[in-house]
């Protein structure tokens with residue numbers, strides 16, 4: 001089977017290790033999802049072609065582990081969206097049996113529609129979540145408004161099969177309920193070995209200049225509204241009161257960074273907060289290895305799963321999440337993590353303090369979290385997606 005993947009940013013192999021490549025060409029959970037799926041599908045014997053954007057204004061072709069990657073030069077950049085007009089005509093020079101769009105950022109969405117219409121090929125869409133309209137400049141917000149009004153409904157209506165990360169996300173999405181009959185829930189996968197440290201916690205902390213005797217609460221993700229990183233800082237005064245050695249580490253960047261720094265100063269907890277910014281994935285794995293607890297207090301409906309939950313679980317960390325419906329797909333309250341009331345600072349602080357004060361509970365839940373990812377290998381996920389391709393072709 002020859003499969004064409006359309007996705008706006010597609011990681012370079014160096015994206016996982018080189019800070020400069022990661023800075024110039026940032027990728028997130030959806031892009032990592034597509035990267036690992038493409039490589040696993042190639043291992044299953046399929047011919048994989050990726051249509052994506054370049055890190056610069058030039059067109060590039062590469063072959064990575066049997067995957068053909070066509071990168072088209074960037075003509076325009078808005079926030080994290082890389083616009084390449086060459087993706088439209090040039091992708092038509094390649095023939096595939098089926099098109100798989102990873103819906104995350106434009107313009108891959110439009111290019112996949114153009115390709116399937118011109119070539120009359122079936123379309124499978126992995127819908128990674130509704131776009132978040134709550135931040136950005138007027139150009140970004142206007143562009144998202146147009147996408148939501150015209151492009152998203154067109155893509156979803158034309159898709160033969162739609163996949164999303166969790167059945168719990170379908171009723172929350174602004175768009176998916178209308179297409180429920182052709183949606184199949186397939187979660188992201190995880191290469192667990194990448195997050196199982198070959199170094200001790202102390203060695204990870206030495207590498208990252210973190211104190212060996214502190215209790216570290218880790219947040220990994222974009223510093224944006226719907227992930228609610230501010231709730232963690234607001235909870236810190238209560239956490240520190242009971243656990244003075246608690247420290248909160250943010251891995252990731254975003255528009256809220258300045259606000260978070262000011263909030264930490266206002267609450268006089270800046271000594272206990274560390275914002276390290278965006279780092280490559282191999283460095284992120286070291287932060288997981290150094291942490292005691294992972295926390296994700298998201299409150300927004302655009303959170304469709306949280307691939308970082310799988311990463312934290314692979315590292316053997318107990319997990320604290322908000323009572324957002326989509327987290328139910330992975331977190332079992334009291335087994336592999338604890339659930340705090342949605343948007344409730346006191347509940348969040350109490351939940352984190354419970355774990356910080358009980359090393360045995362942290363150990364037990366961390367082991368349960370690691371056991372919870374057994375069915376999330378990329379090999380298992382790829383086999384499920386393979387069946388969807390066969391269904392779409394029929």
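In the range 28-36, the condition of being without any contact (Cβ under 8 Å) to a residue 24 or more places away in the chain and either surrounded by fewer than 19 Cβ atoms within 10 Å (Cβ to Cβ) or not assigned by TED's automatic domain parsing to the domain that holds residue 254 (or both) is met by no residue.
Of all residues in the range 249-267, those being more than 23 Å from residue 26 (Cβ to Cβ) and assigned to a strand (DSSP E or B) number 0. Which one is nearest to residue 166 (Cα to Cα) among residues in the range 86-121 that are under 26 Å from the mean Cα position of the chain (by Cα) and part of a loop (DSSP other than H, G, I, E, B)? So, considering only residues that are under 26 Å from the mean Cα position of the chain (by Cα) and part of a loop (DSSP other than H, G, I, E, B), the one nearest to residue 166 (Cα to Cα) is 104.
Looking across 260, 309, 296, 317, one residue alone is assigned by TED's automatic domain parsing to the domain that holds residue 336 and farther than 24 Å from residue 189 by Cβ. It is 260.
Give me the residue from the range 353-394 that is in contact with a helix residue (DSSP H, G or I) (Cβ under 8 Å, 6 or more places away or on another chain) and farther than 24 Å from residue 190 by Cβ and, out of that set, surrounded by the fewest Cβ atoms within 10 Å (Cβ to Cβ). Only one residue tops the list, namely 357.
The criterion of being in contact (Cβ under 8 Å) with a residue 60 or more places away in the chain and outside the structural domain of residue 348 (by TED's automatic domain parsing) holds for residue 167. Please determine whether any residue of the range 54-67 is touching a residue at least 60 places away in the same chain (Cβ under 8 Å), within 13 Å of residue 10 (Cα to Cα) and within 23 Å of the chain's Cα centre (by Cα). No - not one qualifying residue is present in the range 54-67. Would you mention how many residues in the range 145-172 are out of contact with any helix residue (DSSP H, G or I) (no Cβ under 6 Å at 6 or more places or on another chain), part of a loop (DSSP other than H, G, I, E, B) and more than 14 Å from residue 329 (Cβ to Cβ)? Number satisfying all stated conditions: 1. Within the range 337-344, not a single residue is in contact with a strand residue (DSSP E or B) (Cβ under 7 Å, 6 or more places away or on another chain), under 25 Å from residue 167 (Cβ atoms) and modelled with pLDDT under 95. Scanning the range 220-273 for residues that are in contact (Cβ under 8 Å) with a residue 60 or more places away in the chain, within 23 Å of residue 289 (Cβ to Cβ) and more than 27 Å from the chain's Cα centre (by Cα) yields a count of 2.
Here is the figure for the range 279-315: residues that are on the phi > 0 side of the Ramachandran plot and either modelled with pLDDT of 95 or more or surrounded by fewer than 24 Cβ atoms within 10 Å (Cβ to Cβ) (or both) total 0. Considering each residue of the range 53-74, count those that are modelled with pLDDT under 95 and within 14 Å of residue 3 (Cβ to Cβ), and give that number. The qualifying residues number 1. Figure legend. Inter-residue proximity from the range 190-217: first residues assigned by TED's automatic domain parsing to the domain that holds residue 283 and at pLDDT 90 or above, second residues in a loop (DSSP other than H, G, I, E, B) and surrounded by fewer than 15 Cβ atoms within 10 Å (Cβ to Cβ), beta-carbon distance below 6 Å, spacing 6+ or different chains. Indicated pairs: 202/212; 205/212; 214/245; 215/245.
Might you check whether a residue that is modelled with pLDDT of 90 or more, over 19 Å from residue 276 (Cα atoms), assigned by TED's automatic domain parsing to the domain that holds residue 358 and buried (at least 19 other Cβ atoms within 10 Å of the Cβ) occurs anywhere in the range 220-236? Checked the range 220-236: at least one residue is modelled with pLDDT of 90 or more, over 19 Å from residue 276 (Cα atoms), assigned by TED's automatic domain parsing to the domain that holds residue 358 and buried (at least 19 other Cβ atoms within 10 Å of the Cβ).
The values are calculated or read from the model by the stated rules, or taken from the named source; none is laboratory data. Everything quoted here is computed from the prediction, not taken from an experiment. Here the Cβ is made from the backbone with ideal geometry for all residues, glycine too, and neighbour counts use every protein chain on show.
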